[in-house]
Each structure stands twice: as C-alpha cells, then as structure tokens.
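**Q** The structure follows.
The values are calculated or read from the model by the stated rules, or taken from the named source; none is laboratory data. Small disclaimer: the values here were computed from a predicted structure and weren't measured. Heads up, the Cβs are rebuilt from the backbone with ideal geometry, glycines too, and the neighbour counts pull from every protein chain shown.
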Amino acid sequence: MKRIALLAATTAAALTLAGCGQQSGGAAGGTRDQIRAVGSSTVYPFATAIAEMFVQGNAGMKSPIIESTGTGGGMKLFCAGVGAQHPDIADASRRMKKKEYEDCQKNGVKDIVEIQIGVDGLAFAESNKGPGFKLTPKIVYEALAANPYGKGPNKAQTWKDVDPSLPATAISVFGPPSTSGTRDSLAELILTKGCETDPAMEALKKKSEDEFKATCTRIREDGKYVDSGENDNLIVQKLAANPNALGVFGFSYLEENKDTLKDVPINGVEASYETVSTGTYPGARPLYIYVKKAHMQAIPGLQAYLNTFAANWDPNGALTKRGMVAAPEAVRKASAEAVKSLPVLDGSQLK
Amino acid sequence: MTATRNPTDWRSDAMRRRIARRYAAERRFKLAGLLAVLLSAAFLAFLLVTMMGNGLRGFTRTEIAVKVDFPASPLLLDPNAITDQALANANLPMVTGEVVKKALGADAEEWVSPTAWTALRDAIKADPKILSRTETVRLPASTAIDLAAKGKGSSEAEAAVDRLNKAGVLSTGFNMGFLTASDGTDPTQVGIWGAFKGSLLTMLVTLALSFPVGVATAVYLEEYARKNWMTDIIEVSINNLAAVPSIIFGLLGLSIFLNVLHLPRSASLVGGMTLALMTMPVIVIAGRNAIKSVPPSIRDAALGIGASPVQVVFHHVLPLALPGILTGTIIGMARALGETAPLLMIGMRAFIATPPGGIVDPATVLPVQIFLWSDEVSKGFVEKTSAAIIVLLIFLLAMNGLAIYLRNKFERRW
C-alpha cells in the first residue's frame, strides 16, 4: 500500500517535472536564443566547425544546432515559414531550386540571403596501378546510363565499346547510392552534360522535362555501376584491389587518399585544388548557405555566426584544413559583401 | 487363464542397446543446449571484448606538458580584468601555437590539438595570476599524436611521440572531458555528457507518459472492460502496435507533435513522447499478463470482506502484478533507450554542443550520438564511438539493475 503510494508519488513528481519544463519553455514558439541550421550533409562538417569557433569567439553564446537532413530536406524545413520554430539557415550543396524558392515565398519566407561559402568537387579516381583513364562527360554518360539517349538498354560491356581510345577492360564503377547528394551531383554535373551532347536530347527536354531527366540521369542497374553505400573507405579498398575499376566521391576524400589513388581527368582537366576552386574542373559544385533576413534581428548571434564563416573560408582558413575547397577570390569577395549587406536573393535567377 | 509375463531382461543385448541409445540421445540434447549457450556467450564476449578493446582507449587522452612563459608570450591580457569576452578576443589559438613552437620546436604546433588553446584559456580563467609567471600547462595532444601514443599511429607521428617521450613531456591520463563535455568537431575534445543528459531527459518523459497510461490501460482492459468485439479490436490493435517498426512512430511524431502541435524540434520532450508511443503497447501487454496471473482468490477474498473494486485493484491486484509490469516496462524502456530511427525524423540527429537544460531544449541521445560519430571522417572518432557505446551499455545495465532491484523488492510469493 505504502509502496504504491510511493510509486504514485514518484510518477507524479516525474510528470510535474515534465510539466515544469514545458512551462519554462512555453516561449519556445516565440523566440529562441540559439541558431538553428538544417541541410546538406556535405556542408555539415564545415557548419559544425564554424559553430564551434563561433562559440569559442563569442563568450556566453549558446552553440548553434546543426542538423544534417540533406539539401532537399533542409530546404523543405527552411521554407516552412518565418518564426522561432523554423530554422534560420539552410546548408546546401547546390543552388536553391526555383520550386523551393516559390515554396519559400508562399510560406512567407520572403527575404532570403544567399552566401556561397566554398566549393566541393566530384572526383573520379582509380588505383595508382590503374591504366590511366581519360574521360569526358559524354563517355561517362554512355558507359553508365541505363538507357543512353533513349535508344534502349545500355549494351556497352567494356570501355572500348564506349570509346575506341579507351582500353578493353570491363566497365566497373563504384559510386554513391541514390540517397546521396554526391549522386545528385554526378547526375547533374556529369551525366546531364554528357547527355546534352546529343542534339536530340535538347528537343526531348523541350518536349518533356521528366522524360529528359529519366533518359539523362538514370544509371544502369546491371552491375556495372556498384552502389557502395555511404562508406568511402570501402571504395578505396575496392579500388586498390581492382585496378581497372573507377570510383566516384567527394574531392576532399581524394585529397586524403593521394597515396593509394590517382585522379582521373575529365575533359583533360585534373581535379586539383585550383581547378575545383576556379570551377574549370567539370565536377566542381558550389556550397551555399541560405539565411532568413527576417531572423537577423530576432536570433542573437546570427550575424556573428555569418562573420565567423567569412573569417574562415580563405584558402588557408580553418575550413580548407577540414577539406573544403575555397571559392575563387572574386566569389569570396562577393560573399563577404553579402555577409555584410545581406542582399535579398532574386528568385528569377534560379532554375 | 494363466498368462505369465516374462520379466524384462534388462541385461539382454537388445535392451542394453536401447538403453544406450536413450542415454546417447540425452547426452546429445544436453550438448546441443550447452552449445547454444556457449555460442551466445561467445557472441556476447566478442562484442564486449571488441568494444572494450577499442573503447577503453577512448576514455584516456594523451597530454603534452608545455612550459608557458606567460609574461614573455604575445598575450595582451590584464590579469585584473579577465572576462570571457576578453579571453575570446585575446587571440589565444595563435598564442598557443607560438608557445608550443617555442617549447618543443618548430614542427610542434601540429602535435597539440587544434583546440588546445582552450586548456590555456581555462588555466588563465582559473587563476589570472598565472599571467605573471612561468607555468607548466598540460595541453591535449592532437589526434595523430594521441593515436600514436596508444600504438596505432603513422610512422611520422610515432617518431614525434618518441621525441616527446625522450623529453618526458608526454603523459596519458583519464579523459575527464569525455564524461563532462558535449559534441564537438575535434575528437580530442568531444564528450558524452550532452547526449547522456539528453537520453536521461528523454527516458524520463517516456516513463512519465507511458507507464501511467500503459498501466491504466492494462487495468481497465483486465478489470473493467466487458468482453465484447470492441475490446477484442482494442486488444488486437495494441498487439499490432507493439510490432510496428519504430520508424513509423518517428513519422507519426513528426506529423502530429511537430506539424500539428508545433512542439519544439529536436527537443527531448518530443523524443520522449514519440518513444512513449512505442513503449506503451509493450507495457500494456506485459501489464495485462501480470494482472491476469494474480489469483482470483485474492480478488474474491478482498471483495468478500467488503473492499470496493477500486480498493481491490489498488490494494491487492496492482501490488501483486507490479513485478511483472516492471519487467515489461524495463523491456520497453531498454528498447526506447537504444532507439535511433524515430528520433532522426524529429530532428535529434543534430550537432548540439550545449547540453540540454530542460526537456524543451534541443538535445540528442546516446544512440544518435554514436551514429553521428561513426560517420565522422577523423580516425580519432573510432575509439570515441566505442567509448560512447560502453557508456550506453552501462546506462542500460544500470537501468536493468534498478528494475531487478525493484522487482525483487515488490515480489511476493504465496
């Protein structure tokens, strides 16, 4: 009997405690004393590094909350509305899409500031013992597409089938799974470019956007392209064991494994710090953060957080030490200016 | 009729063979059971040994003792006006680099952790007078040095460790920071406290919601509800609910708690509520079985001497059913403690470096922290991940231990 009472009291206490917390945080819908960012897993390590520096440089500030949801998921959350329950920043490994921008406008997120923080590259690599491939987006597309130019299933078995200049080794590519942002980049930066070399595809694009996308970005599923999960270490091991295979991953990863891997040039351009930074490398993609202007006053420290970004994105800054490629100087200047004056993004520029 | 029955000849060959077969079958059965036990024990031992082997190193850290001549260092700080902001503005990272280079050589800056300057900051904060004298400060070593000192580093780092050992400045000690700090980007500085506290708060919310609701449901269904098609449907639904994959509950939490009720994202309140949905059916099922197993004679006796139905339930049935209910609760809570998938949906997969102050603050939990760390590129995170798993296992053991204690305390035999 007494025991039951004791138990009931404990439960009641726990409930009250829960209730108390609820009350003290009742204002959670109204204001917030820490920054919230959502979005790309590619930007995540950089955003967290900046968050750490921001806290260390601004005593008394709470650490920003960085969620890794993927660019698309982040945009959805970001565009859901203005107010403390919605994030302040969206991290993105590609530019905001027109559709996302319209979604933002519809939900009252009117003033968005776009800041490019740096560049990432989509690197193709082979083992040091590899034959030394030289590729173009066209070759990659013809080797990997499920249905090249809409002319039926891909029959290419060896690289020679695709292009006579290449060795007669079997096509074997290890790359990211379809859930990955890196896969999106592969589709957008390389496959679509290769696909567009055929004028018939331009016509198809005008006729049906969906059909164009399916023809140009769907990857074959007969074992020539191997999904290797999100585990890049696995790709490195596989490449070392199989010198005739190709691997696709983020540029920073290639940099880290220069002792076992070598770069495969695309269009004759090697992926190097310079070529990715200036954008001459076809696999280079810019990294952005999007900020809500309406939150700049309401959320303490948001400006300081952006300033911390600006202070660390130089070629010898803290972010490049963590594997990011710095943007070219002109872009950095423009971005620094954007951090200062916070210009509103013009939706008509977006695709 | 004189049917004489021959006594069984136990010594005949046929009989002996039969007996031998029976004994052999028994031995085989025993052996199979023993093998099953050994196999599961081997798996457990393998898990624990690998975890401990990797993880125990995560609880230690390598430190480099550096003599700092504060007056001579390029540090512009007034010992009488040490504020957090003054320290933040003092360019300590650069100063730390200079100090380390001066003490250990030009290439030594890479040997200390990139956040080693925080150790210097804390030393100044603890005793501002330090600024007017030379003092030895222990700085955390970088990941490369840390791994090399633990015997897993590159040849370069190992050469550096040899040099440091000769100078007698290297030491390995218990990493208190791992238990008191929160998430970070540098493996030498990360800690588990934020995630641990998040787990604790989340479990508290889960228990506070699922236990009363689960027990009340079980009592109602067993003691009050009439047996008709409606209770049948409820029973089937609850049994089904217990088998629903946890990610579904995450989606439910996302659409109801976040999108409709507008509760704060990533908060342990929402995490706890989502996990409570998952835990409740388990408690209901275990609770009903426990209540069912209370002998009817107890109820009849209580009713017979004039107790009201409520008194019967609270004075007699519940206390007797409590051990069983607690077992179910603990099974449910243990499952909730190790759950990651539903929490990803409600935004708890996040970088949260400030430990939560209450249940509405953004928080992460131990399994999500483990998941986040296992994804990190830096090699130093491998042992931290294992160390975090050890912390999770200890948390789980403590919870189970408490449950067994409570169960034994309340258990009554008749």
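**Q** Please give the number of the condition A:Leu342 fails out of (1) surrounded by fewer than 18 Cβ atoms within 10 Å (Cβ to Cβ); (2) closer than 23 Å to B:Ser378 by Cβ.
**A** Among (1) surrounded by fewer than 18 Cβ atoms within 10 Å (Cβ to Cβ); (2) closer than 23 Å to B:Ser378 by Cβ, A:Leu342 violates only (2).
**Q** Keeping to region B:340-366, report how many residues are surrounded by 24 or more Cβ atoms within 10 Å (Cβ to Cβ) and charged (D, E, K, R).
**A** The number of residues fulfilling the criteria is 1.
**Q** On to the next question. Please find, among A:Glu142, A:Glu188, A:Glu196, A:Glu209, the residue that is loosely packed, with under 15 Cβ neighbours inside 10 Å, on the phi < 0 side of the Ramachandran plot, of a type in the set (Asp, Glu) and not assigned by TED's automatic domain parsing to the domain that holds A:Thr71.
**A** A:Glu209
**Q** Tell me yes or no: at least one residue of region B:358-374 is modelled with pLDDT under 90, assigned to a loop (DSSP other than H, G, I, E, B) and of a type in the set (D, E, K, R).
**A** Yes, that holds for at least one residue.
Residues are listed down the side, and each one gets a yes or a no for (1) within 13 Å of chain A (Cβ to nearest Cβ); (2) more than 23 Å from the chain's Cα centre (by Cα); (3) of a type outside the set (Lys, Arg):
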| site | (1), (2), (3) |
| --- | --- |
| B:Ser210 | yes, no, yes |
| B:Asn228 | no, yes, yes |
| B:Ile256 | no, yes, yes |
| B:Leu261 | yes, yes, yes |
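**Q** If you don't mind, another one. Among B:Ala301, B:Ala276, which is the only one that is at negative phi, among the small types (Gly, Ala, Ser) and free of Cβ contacts under 8 Å to residues at least 12 places away in the same chain?
**A** Matching residue, one of B:Ala301, B:Ala276: B:Ala301.
**Q** Follow-up. How many residues does region B:230-254 hold that are within 14 Å of another protein chain (Cβ to nearest Cβ) and of a type in the set (Val, Ile, Thr)?
**A** 0
**Q** Answer yes or no as to whether B:Gly306 is farther than 24 Å from B:Ala195 by Cα, within 14 Å of chain A (Cβ to nearest Cβ) and of a type in the set (Gly, Ala, Ser).
**A** No.
Here is a yes/no grid of residues against (1) within 18 Å of B:Arg412 (Cβ to Cβ); (2) of a type outside the set (D, E, K, R); (3) not assigned by TED's automatic domain parsing to the domain that holds B:Leu204:
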position: B:Pro296; (1), (2), (3): yes, yes, no
position: B:Gly304; (1), (2), (3): no, yes, no
position: B:Phe314; (1), (2), (3): yes, yes, no
position: B:Leu322; (1), (2), (3): yes, yes, no
position: B:Thr327; (1), (2), (3): yes, yes, no
position: B:Glu339; (1), (2), (3): no, no, no
position: B:Leu343; (1), (2), (3): no, yes, no
position: B:Ile352; (1), (2), (3): no, yes, no
position: B:Asp361; (1), (2), (3): no, no, no
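**Q** Has region A:303-314 got at least one residue that is over 22 Å from the mean Cα position of the chain (by Cα) and either outside the structural domain of A:Ala90 (by TED's automatic domain parsing) or assigned to a helix (DSSP H, G or I) (or both)?
**A** yes
**Q** Does region A:166-210 hold any residues that are within 23 Å of the chain's Cα centre (by Cα) and part of a strand (DSSP E or B), and which are they?
**A** A:Val173, A:Phe174, A:Gly175
**Q** With the checklist (1) within 14 Å of another protein chain (Cβ to nearest Cβ); (2) among the basic types (Lys, Arg); (3) outside any helix (DSSP H, G or I) in hand, flag the one item B:Lys125 doesn't pass.
**A** Checking B:Lys125 against (1) within 14 Å of another protein chain (Cβ to nearest Cβ); (2) among the basic types (Lys, Arg); (3) outside any helix (DSSP H, G or I), the one that fails is (3).
**Q** Looking at region B:164-171, can you tell me whether even one residue there is assigned to a helix (DSSP H, G or I), touching a residue at least 60 places away in the same chain (Cβ under 8 Å), buried (at least 16 other Cβ atoms within 10 Å of the Cβ) and not assigned by TED's automatic domain parsing to the domain that holds B:Val313?
**A** yes
**Q** Using the structure shown, decide if B:Leu147 is farther than 18 Å from B:Glu383 by Cβ, touching a residue at least 12 places away in the same chain (Cβ under 8 Å) and part of a helix (DSSP H, G or I).
**A** So B:Leu147 does not fit the description; no.
**Q** Now for a separate question. Quick check on A:Glu255: is it under 29 Å from A:Gly72 (Cα atoms) and among the acidic types (Asp, Glu)?
**A** Taking the combined requirement at face value, the residue satisfies it.
**Q** Which residues, taken from region B:230-254, are within 31 Å of the chain's Cα centre (by Cα) and under 28 Å from B:Pro296 (Cβ atoms)?
**A** Hits for region B:230-254 are B:Ser237, B:Ile238, B:Asn239, B:Ala242.
**Q** For region B:344-360, enumerate the residues that are touching a residue at least 40 places away in the same chain (Cβ under 8 Å) and either among the basic types (Lys, Arg) or within 7 Å of chain A (Cβ to nearest Cβ) (or both).
**A** Across region B:344-360, the qualifying residues are B:Gly347, B:Ala350, B:Phe351, B:Ile352, B:Ala353, B:Thr354, B:Gly358, B:Ile359, B:Val360.
**Q** Confirm whether A:Ala125 is of a type in the set (A, V, I, L, M, F, W, C), outside the structural domain of A:Val173 (by TED's automatic domain parsing) and touching a residue at least 60 places away in the same chain (Cβ under 8 Å).
**A** Considered against the rule, which asks whether it is of a type in the set (A, V, I, L, M, F, W, C), outside the structural domain of A:Val173 (by TED's automatic domain parsing) and touching a residue at least 60 places away in the same chain (Cβ under 8 Å), A:Ala125 comes out as no.
**Q** Out of everything in region A:91-119 that is among the basic types (Lys, Arg) and part of a loop (DSSP other than H, G, I, E, B), what residue ends up being modelled with the lowest pLDDT?
**A** A:Arg94
**Q** Going through A:Phe46, A:Phe124 one at a time, which residue ends up being of a type outside the set (S, T, N, Q) and either touching a Pro at 6+ places or on another chain (Cβ under 8 Å) or more than 10 Å from chain B (Cβ to nearest Cβ) (or both)?
**A** After ruling out the rest, the residue left standing is A:Phe124.
**Q** Residues that are aromatic (Phe, Trp, Tyr): list the helices (runs of 4 or more DSSP H) wholly contained in region A:216-297 that include at least 1 such residues.
**A** Passing ranges, in order: A:251-256, A:273-278.
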